[in-house]
Amino acid sequence: MPNHQAATLTDLNLRRIGATPPGGGRLDWPPELRLDCHATHQGHSDVYGRMRWDAAAPVLTTKCTSISNGRYGHPDQNRPISVREAASLQTFAEDFVFTGRIKSATRQVGNAVPVLLAQVMGDAILDHAAAHAASAEASTG
């Protein structure tokens, strides 16, 4: 399957994702896994988060294959989501291939408008244009 590659994790981040339940995040970790910068910081609670199978996916960004940048941990495997999994969330066809290394491919996915959303928007624009043209023709005819 093209682009089914996930970012590698350090041993410490593997321990962190292993301590993160589905839908959970850094607030679920034992004290020894917490980052010093989060000791007094209450914001950004989604970083190092794990997705859930039964919940909506987070908004994808250009760093959506990095657990330290959002709730991009796989729901039950101890890893970030892959480029292919992110592309599936953006409704790209399974055979669509992103070029470049993982960072470039992730940026392409994160910057994309979901394919099915773009199709619906395009169809609405075409329908509107056709209705406008028909209306203009009827008023001049």
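Read-outs throughout are calculated quantities, based only on the coordinates presented, and are distinct from any laboratory measurement. Remember, it's a predicted structure, so these values are computed and weren't measured experimentally. Don't worry about glycine lacking a Cβ; one is built from the backbone with ideal geometry, like all the others, and counts go over all protein chains shown.
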Assigned charges on the beta-carbon of Lys, Arg, Asp, Glu; the chain dipole about Cα centre (debye):
660 debye
Let me have the 222 nm mean residue ellipticity of the chain computed from DSSP H runs of 4+ only, each contributing -39500 (n - 2.57), with the sum over all residues rounded to the nearest 500.
-11500 deg cm²/dmol
Within 9 Å, Cβ to Cβ, of residue 4, how many net charges do the neighbouring residues add up to if Lys/Arg are +1 and Asp/Glu are -1?
0
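Using Cα-Cα distances under 8 Å and only pairs 6 or more residues apart, what relative contact order does the chain have, in percent?
So the answer I get is 26 percent.
Scan the chain and note any complete DSSP helix (H) whose C-alpha atoms cover at least 15 Å along its axis and whose Kyte-Doolittle average is 0.0 or more.
115-140
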Classify the stretch 11-112 as rounded, prolate or oblate, taking a ≥ b ≥ c as the square roots of the eigenvalues of its Cα gyration tensor: rounded when a/c is under 1.5, otherwise prolate if a/b is larger than b/c and oblate if not.
prolate
For a protection proxy built on the mean count of beta-carbon atoms within 10 angstrom, sort 82-90, 36-44, 16-24 highest first, please.
82-90, 16-24, 36-44
FRET efficiency for residue 133 and residue 59 from the Cβ-Cβ distance with R0 = 25 Å, rounded to 0.05, comes out at 0.10
